[in-house]
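Please read the structure below before turning to the comments.
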Amino acid sequence: MAQRIVVDPVTRIEGHLRVEAMLDDSSHIHDAVSSGTMWRGLEVILQGRDPRDAWAFCERICGVCTTVHALASVRAVENSLGITVPRNADIIRNIMFLTQMVQDHVIHFYHLHALDWVDVVSALKANPGATAALAQKVSPSWPTATEGYFKDVAGTLSKFVASGQLGIFQNAYWGHPAYKLPPEANLMAVAHYLEALKWQKELVKIHTIFGGKNPHPNYLVGGVASAIALNGDNAINIERLTMVKGLISDAINIVENLYIPDLLAVASFYPEWTKIGGGLGNYMCYGDLPQNGIGDVAKFRFPRGVILNKNLSEVLPVDPADPAQIQEEISHSWYRYPGGKDALHPWDGVTEANYTGPKPPFKQLDENKAYSWLKAPRWKGQAMEVGPLARMLMGFASGRADYKEVVTAALGKLKVGPEALFSTLGRTAARGLESQLAVHWLMDEYDRLIANLKGGDSTTADTQFWDPATWKPESRGYGFTEAPRGALGHWVHIKDRKIANYQIVVPSTWNASPRDGKGQHGAYEAALIGTPVADPKRPVEILRTIHSFDPCLACASHVFGPDGEKLVEVKVR
């Protein structure tokens, strides 16, 4: 008998997401609803503020997608004011960008997504000696693959279970028949989970060196906030830069000798998931990692473009500034546009909350009405998927040799064809393959910075347009990047030296969007359709596909004035 499954909240994500899936009589999902359940009012907060401060607010949308929002924000303001940043600033921004991408991808695999494939409780049945033998085969260059090491990890895990307090491993579907890894593989994965958790805090020290802190490192309209003096004591010197190189070397070791081997090992047990979760088949990237300034799109290491209907023989152009290309619809969103309009380009965007949903708590949403706090972004009217899979496909389709090399190698090891990429497991694998590229690009950017500094150029900012008296009375700009989860855009309208309008379209707005006026599903919803669910009371299959996107729905914003008075209030009860 057909039934409706509700997962609310979806855990191991940033933000608040509700998913409803409708099963047919064969226990396959035939329709799905993705609902962002809390409101983010940052666009309202920014109105009337100094555009030079926007990055500091935008960066605090969330503690995960931190530096990329600052990057998109300063680029938007610079684009509006006609500012070109120095070469060193471009390189340092690339380093900070890649640092977050690598850290975020490793965290996603081990701490947010692996538990959809790894049965932690099963690890208690593992033989530590057999686990060590497996680990030496899977990751022969990793130093901790000993029987004693895995015996200690098993002992720590057994104490968790015996106490009845699984802590970080609580509230999962342990023992579910969909888990296929043998106990030894599960124990190995749990051990590496703990190692990656310890390591990830080290890499982001790069943010503290160039940006003062993490999360929310400092940025600057016109460049970066960090001064460089190789032989100085009160700026970034050769000692700090040497530390950066060491942290990058450690990251290469983690990605090449832990992450990728574990990813391929886990994936080999789930070949059926190369045929599940493909979704829209439409992919979009804004591109990033400039090699010759932000204006030279052709030399981005992450290429820009659109792929429609899985057609890898054609990459279509994208222009975020074209009102005919990027629009946000609200036909199924809890917002109101003026004049009865249903779709607006972000430069003309409006963030006026209009909750019309059921009074919480409720059993289910009505997909025929508004059902989400997310708008529905569209490219030329098409729903798009963004993120690592989109970027890897774009690089592959664009003929980039480095992309083809890592993709072809991974497909060969898994003994599957390119069509396997269009799936839940393909999306998960793409994030790992992207990490392989990104971590080596990170070292390349470090080498570029050192070469530039040795050439005598230590400039990190251009402040000739810092004074608002130099600005035009009115201007508009946009900034973009490729956040770990996908295409991120900020659009700003500056008037009389203040922000007149500001709109942000984040990756999860594209992927987690509700359906639009034409009935097109967002990427999450489309990817769930056709998924088999073995046990509706423990829908681990839903989590596998949703987590493969690495959801990051920014938290709600509550707006108060300096004296504590409430400025913005949205009532849903």
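The numbers here are math on the coordinates, done by the rules we state, and not lab data. As the structure is a computational prediction, the values presented were derived from the model and not from experiment. Heads up, the Cβs are rebuilt from the backbone with ideal geometry, glycines too, and the neighbour counts pull from every protein chain shown.
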Checklist line | the range 389-412 versus the range 110-141: alpha-carbon centroid distance in Å | finding: 28
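Would you compute, from DSSP H runs of 4+ residues alone, the mean residue ellipticity of the chain at 222 nm, taking -39500 (n - 2.57) per run and dividing by the full residue count, rounded to the nearest 500?
Values: 16 runs with 203 residues, N = 573.
So the calculated ellipticity at 222 nm is -11000 deg cm²/dmol.
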Item checked: Two-site label geometry, Ala321 and Ser26: point separation in nm, points 7 Å out along Cα→Cβ -> 5.0
Next item on the list: Return the sequence-ordered ³J(HN,Hα) values of the range 406-420 in whole Hz as given by the Karplus equation 6.51 cos²θ - 1.76 cosθ + 1.60 applied to θ = phi - 60°, using x for Gly and Pro.
Entry: 6, 5, 4, 5, 5, 4, x, 5, 8, 6, 9, x, x, 5, 5
Check: From the backbone phi of the range 285-291, what are the Karplus-calculated ³J(HN,Hα) couplings (6.51 cos²θ - 1.76 cosθ + 1.60, θ = phi - 60°) in whole Hz, Gly and Pro given as x?
Finding: 9, 7, x, 5, 6, x, 10
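How much length is gained if the chain between Ser268 and Glu239 is pulled fully straight, taking 0.36 nm per residue apart and subtracting their Cα-Cα distance, in nm to one decimal?
Working: separation 29, 0.36 × 29 = 10.44 nm, distance 4.30 nm.
Extra length available between Ser268 and Glu239 comes to 6.1 nm.
Jot down the per residue volume, in cubic angstrom and as a whole number, of the convex hull over the alpha-carbon atoms of the chain. Don't skip to the end; give the middle numbers.
Numbers: hull volume 95.5 nm³, N = 573.
So the per-residue hull volume is 167 Å³.
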Checklist line | Nonlocal amide H pairs with Asn501, under 5 Å, H built at 1.01 Å | finding: His493
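Explain nothing, just the number: relative contact order of the range 84-277, from Cα pairs under 8 Å at least 6 residues apart, as a whole percent.
Details: 185 pairs, mean separation 56.8, N = 194.
The normalised contact order for the range 84-277 reaches 29 percent.
Once you sort the root eigenvalues of the Cα gyration tensor of the range 435-510 as a ≥ b ≥ c, which label holds: rounded (a/c under 1.5), prolate (a/b larger than b/c) or oblate (the other case)? The partial results should precede the final answer.
Details: a/c = 5.62, a/b = 1.27, b/c = 4.42.
It is oblate, given that a/c is not under 1.5 and a/b is not larger than b/c.
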Note to self: Report for the chain the percent antiparallel among DSSP-assigned beta bridges with both residues inside it, nearest 5.
What the structure shows: 90
Note to self: Distance cut-off 31 Å, Cα to Cα: go down the list Lys137/Lys404; Lys159/Lys180; Lys404/Lys537 and report the pairs above it.
What the structure shows: Lys404/Lys537
Next item on the list: Starting at the first residue of the range 469-477, write each ³J(HN,Hα) from the Karplus equation 6.51 cos²θ - 1.76 cosθ + 1.60 with θ = phi - 60°, in whole Hz, x for Gly and Pro.
Entry: 5, 8, 7, 5, x, 8, 7, 10, x
Notebook entry, point to check: Amide H to amide H, which residues 5 or more places from Ile326 or on other chains are under 5 Å from it, using H placed in the peptide plane?
Noted result: Lys380
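Averaged over all directions, how much area does the convex hull of the C-alpha atoms of the range 84-277 cover when projected, in nm²?
Details: hull surface 56.6 nm².
Mean projected area of the Cα convex hull: 14.2 nm².
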Next item on the list: Could you give me the radius of gyration and the Dmax of the range 1-153, taking only the C-alpha atoms into account and expressing both in angstrom?
Entry: 23.0, 64
Next item on the list: Evaluate the distance, in nm, between pseudo-label points positioned 7 Å from the Cα of His111 and of Val7 along their respective Cα→Cβ axes.
Entry: 2.0
